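Below is one structure, written out as structure tokens; the observations come after it.
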Amino acid sequence: MTETSLLVCPVGSGSIPKKLYAVGAEFAGPAELFAAAEKVRDRGFRWWDCYTPYYIHGLDKAMGLRKSFVGLFTFTGGLSGILGGFLLITITSVYVYPMDTQGKPFFSLPGFVPILDLLLIMPSAILSIVGMAVLSGLPRLHHPLWEWDLFTRATHDKFFIVIEASDPRFSEKTTVELLREIGGANLTFIGDEE
């Protein structure tokens, strides 16, 4: 028996991974997945996810997800960039190196708008990417779901719900029964490396 086969065991095969990561189930299509997600949410599970090959409108609400905090990273980057640029321009133009150019004031905002625009966009874009990576737990070099051969179809034509064993409401028996009850097929215990 190979190491991979010890990490992924179909429900009902008699074997179970030593360190259980999650229980996964396949669903027939987007409508079935959507309905199943609402039922899992209503049962009070918190550590679970849906995997689909394309975006399903309203699935995040069906899962009970809150708004992402990536916007705060974007706002912080934009605000710090524009304030830093404004201070840099003001201090250098007015106090450090004032130049009288054709009688114009030392600080002339219209001339600095392109620079301020760039200093607003660049830090906000960079912090958006950093925030997305941090909140997603990236970079991650290995994930237990990658051991599940059927899961490779999640980006092509299959729909999955995976409920993690770390969930407070998780129980092998009741979770498997729930996934069967809501229409899950190919139920699989997914193990984690110790």
Among the residues of region 18-37, the number that are surrounded by 16 or more Cβ atoms within 10 Å (Cβ to Cβ) and either out of contact with any Lys or Arg (no Cβ under 9 Å at 6 or more places or on another chain) or more than 14 Å from GLY184 (Cβ to Cβ) (or both) is 11
LEU83 meets each of (1) at negative phi; (2) touching a residue at least 12 places away in the same chain (Cβ under 8 Å) with one exception, condition (2)
Of the residues in region 95-133, those that are open to solvent by less than 70 Å² (accessible area, probe 1.4 Å) and either of a type in the set (D, E, K, R) or touching a helix residue (DSSP H, G or I) at 6+ places or on another chain (Cβ under 6 Å) (or both) come to PHE107, PHE112, LEU116, LEU119, LEU120, PRO123, SER124, LEU127, SER128, GLY131
Mind checking whether some residue in region 131-154 is modelled with pLDDT of 95 or more and farther than 21 Å from TRP47 by Cβ? yes
Within region 172-194, residues at negative phi, part of a loop (DSSP other than H, G, I, E, B) and surrounded by 12 or more Cβ atoms within 10 Å (Cβ to Cβ) come out as ILE182, GLY184, ASP192, GLU193
Picked from region 1-60 (must be of a type in the set (Val, Ile, Thr), in contact with a strand residue (DSSP E or B) (Cβ under 9 Å, 6 or more places away or on another chain) and in a loop (DSSP other than H, G, I, E, B)), the residue farthest from LEU178 (Cα to Cα) is ILE56
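The values are calculated or read from the model by the stated rules, or taken from the named source; none is laboratory data. Predicted, not measured: the structure shown is a model, and the values here were computed from it. As a convention, Cβ positions derive from the backbone with ideal geometry for all residues, glycine included, and neighbour counts pool all protein chains shown. Protein only, heavy atoms only, side chains kept; ligands, DNA and RNA dropped before computing areas. Shrake-Rupley method; radii C 1.70, N 1.55, O 1.52, S 1.80 Å.
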